[in-house]
1. Among DSSP beta bridges whose residues both lie in the chain, state the antiparallel percentage, nearest 5.
2. With a cut-off of 8 Å between alpha carbons and a minimum separation of six or more residues, what is the relative contact order of the chain in percent?
3. How do 96-103, 168-175 rank on mean C-beta neighbours within 10 Å, highest first?
4. What FRET efficiency do you get for residue 352 and residue 135 if R0 is 30 Å and r is their Cβ-Cβ distance, rounded to the nearest 0.05?
5. Rounded, prolate or oblate: which fits the stretch 147-279, taking a ≥ b ≥ c as square roots of the Cα gyration tensor eigenvalues, rounded meaning a/c under 1.5, else prolate when a/b beats b/c?
6. Tally up the carbon and sulfur contribution to the accessible surface of the chain as a whole percent, 1.4 Å probe, everything protein left in place.
7. Relative contact order (percent) for the stretch 116-263, with alpha-carbon contacts under 8 angstrom and 6 or more residues of separation?
8. Cα atoms only: what Rg and Dmax, in Å, come out for the stretch 306-385?
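The values are calculated or read from the model by the stated rules, or taken from the named source; none is laboratory data. Please read all numbers here as calculations on a predicted model, not as lab measurements. Here the Cβ is made from the backbone with ideal geometry for all residues, glycine too, and neighbour counts use every protein chain on show. These accessible areas exclude ligands, DNA and RNA; they are computed on the full protein's heavy atoms, side chains included. Shrake-Rupley method; radii C 1.70, N 1.55, O 1.52, S 1.80 Å.
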Amino acid sequence: MAAPLLHLIAGARPNFMKLAPLVRALRADGRLDWKLIHTGQHHDAAMSGVFFDELGLVPPDVSLDCHGGGHARLTAAILQAYEPHLLADRPAACVVVGDVDSTLACALAARKLGVPVAHVEAGLRSGDMTMPEEINRRATDAIADWLFTTEPSAAAHLRREGHPDTRIVEVGHVMVDNLLFQLDRLEAGDAPARAAEAAALAALDAAGARHAIAGRFGVVTLHRPSNVDEPAQLAALMAALGSLAGRLPLLFPVHPRTRDRLAALGLAPTPGLHLLPPLPYRPFLALWRRAALVLTDSGGLQEETTALGIPCLTVRDNTERPVTVDLGTNRIAGTDAARVLALAGQRLDELDAAGPDTAPVRRPPLWDGRSAARIVERLATDLLR
């Protein structure tokens, strides 16, 4: 008897990092088969292909090659491209992760054909319906059969929305599984880890920022439209970062969209603010794991900094990951540039007052590197009944 087949859906870069622990857990468990479906939402090598290599993922079994256009066009293209593979394989389940357009499109295609859907990272809510991700995650949860949650607030949201406890499975966070796995490899200093460190240092050399890594430094990531698409907002944030860089050198791996916006506005970095090219996951981890402060509008980086106990300021007005705030590592700075600068200065004052002695890292429940194994155990148990 053939093992039940899972379709694992990868679209954007964070999906790859969440699928890697699932693939490792599936290999170790051995009861389920799987195919990796790459929708192509992030399609260039710098943003996706290299991640398959460094995360230990084999090339995808299926590449849908859907990318570009607005949300409606992309979602429709993925729906149309994925459906024939569902009809041909009739998988036992479709596993989607996160909250990108690929997540919703593949969940819709599967559910309409009667294929059960498992949503990894279910139940996260920002309350901001202007965010495409919020719409994607709510709609995906509405049709999913398994709702795998990362933190207690997610399960609470799902129960308030009427989802039965039988579908809600609190497993922890596969992103943290991947973080701890990659961190172990960096600490072990194996050949890929040494290459990652070399890539990070090469990026610093190219930006003239090698001196920053030797002392205290901060890391910045910005990519959300609310921060980078509005010229006045982007200019104000860059001015705030420039001021902060006078006290704390800042390393800023720049997303291609953000770099395009900076170039169009003619915004050049001030001394101490070092613009780097986009970095693959492990070289980026090699940088920020030693940062004194991270400023970001990324959801995943809020969680990863929490897992390692690194102070983080979130340059957004809300977060769908409140556990990161509850534990004190993350603070919501909002998008007002003056407030971001003030809170960053306050955070540095606190770090100076605390000195080198730091409190032990407190991780949320189940953020222990075993989340993917819990997911595979539940899926195998249910599908092999």
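1. On the way: 0 of 38 bridges.
Taking every DSSP beta bridge with both residues in the chain, the antiparallel ones total about 0 percent.
2. 16
3. 96-103, 168-175
4. With R0 = 30 Å, the Cβ-Cβ based efficiency is 0.10.
5. Working: a/c = 2.77, a/b = 1.42, b/c = 1.95.
Judged from the Cα gyration tensor, the stretch 147-279 comes out oblate (a/c at least 1.5, b/c at or above a/b).
6. Carbon plus sulfur share of accessible area: 56 percent.
7. Computed value for the stretch 116-263: 16 percent relative contact order.
8. 17.7, 57
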